[in-house]
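Quick one: structure below, then a few questions.
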Amino acid sequence: MPDFVELPTDLPVPVDDGAAAHLVGAELPDLILPATDGTSTRTADVGEGRTVIYFYPLTGRPGTDLPEGWDSIPGARGCTTEACDFRDHHEDLRGLGVGAVYGISSQSTEYQAEVAARLRLTFTMLSDERFRFAEALNLPTFRAPGHDRLYSRLTLIVRDGRIEHVFYPIFPPNTHAQQVVAWLRENPSA
């Protein structure tokens with residue numbers, strides 16, 4: 001059984017394949033996605049100022065095996081550690097002008113709600129089981145054993161409804177929120 005809070009030291013590093021190069025300047029699509037807090041979130045109405053939206057493939061659960069070969073897929077492993085890093089740096093992000101943080105995967109809201117409760121997440125997770133975000137913005141996805149399609153790990157910094165910055169590929173995932181904090185410090189809101 002894998003340890004979800006520790007990353008193996010030999011994970012392959014993902015390479016930038018250009019699959020997110022078109023995103024800066026794009027407007028967020030107008031989608032309504034179910035949230036772990038029991039509500040729905042309209043993505044076009046995330047509010048003024050900056051919003052952080054991070055996409056991840058899937059979060060593991062204790063007692064459940066990850067897909068076969070998961071650790072050998074560049075960028076796949078580390079969703080739990082990434083979520084915990086966003087939790088641990090949530091107040092830093094808020095202090096830098098981020099109005100909201102959202103994590104999005106294709107896992108069901110029920111699955112995500114268990115993860116959010118177990119990890120004591122301080123932000124909302126959104127479920128996109130039909131990959132509507134991926135279709136609207138041509139986001140990168142990949143296949144894994146038992147999964148025809150999963151989101152590739154990437155993060156959008158959205159400002160006033162438009163994508164201002166994209167982190168892709170992301171490595172290592174366990175310090176990614178700190179990378180976002182550093183970028184926000186270097187690029188303060190005007």
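Among DSSP beta bridges whose residues both lie in the range 1-118, state the antiparallel percentage, nearest 5.
35 percent
Given all pairs of different Cα atoms, what value in angstroms does the Kirkwood hydrodynamic radius of the range 81-164 take?
14.1 Å
So I have (1) -0.63, -1.14, -1.27; (2) -0.67, -1.04, -1.12; (3) -0.52, -0.99, -1.14, and one of them is log10 I(q)/I(0) by the Debye sum over Cα atoms at q = 0.12, 0.16, 0.17 Å⁻¹ calculated from this model. Which one is it?
Calculated log10 I(q)/I(0) by the Debye sum over Cα atoms at q = 0.12, 0.16, 0.17 Å⁻¹: the matching label is (3).
With all protein chains present, calculate the accessible area of R153 using a 1.4 Å probe and round the result to the nearest 10 Å².
Rounded to the nearest 10, that gives 10 Å².
Can you tell me the length gained on complete extension of the stretch E68 to T39, counting 0.36 nm per residue apart and subtracting the Cα distance?
That pair, E68 and T39, stretches by 7.1 nm at full extension.
Next up: Relative contact order (percent) for the chain, with alpha-carbon contacts under 8 angstrom and 6 or more residues of separation?
33 percent
On a 0 to 90° scale, report how tilted helix 109-118 is relative to the longest principal axis of the chain, with both axes built from alpha carbons and the result rounded to the nearest 10.
That works out to roughly 90 degrees.
Let me ask something else about it. Give the ranking of H147, H90, H22 by solvent-accessible surface, highest area first, calculated with a 1.4 Å probe.
Highest to lowest solvent-accessible surface, that is H22, H147, H90.
Using DSSP to define loop residues, name the GluC sites (Glu not before Pro) in the range 1-79 whose beta-carbon has at most 11 other beta-carbon atoms within 10 Å.
Answer by residue number: E6, E48, E68.
Let me ask something else. What is the Cα centroid distance between the range 44-86 and the range 97-117, reported in whole angstrom?
The distance from the Cα centre of the range 44-86 to that of the range 97-117 comes to 9 Å.
A follow-up question, please. Once label points are set 7 Å from the Cα along Cα→Cβ at both R149 and N187, what is their separation, rounded to one decimal in nm?
In this crude spin-label approximation the distance works out to 2.8 nm.
The values are calculated or read from the model by the stated rules, or taken from the named source; none is laboratory data. Values in this document were obtained by computation on a predicted structure and should not be read as measured data. Neighbour counts run over all protein chains shown; Cβ positions are idealised from the backbone, glycine included. Accessible surface areas use protein heavy atoms only, side chains included; no ligands, DNA or RNA. Shrake-Rupley method; radii C 1.70, N 1.55, O 1.52, S 1.80 Å.
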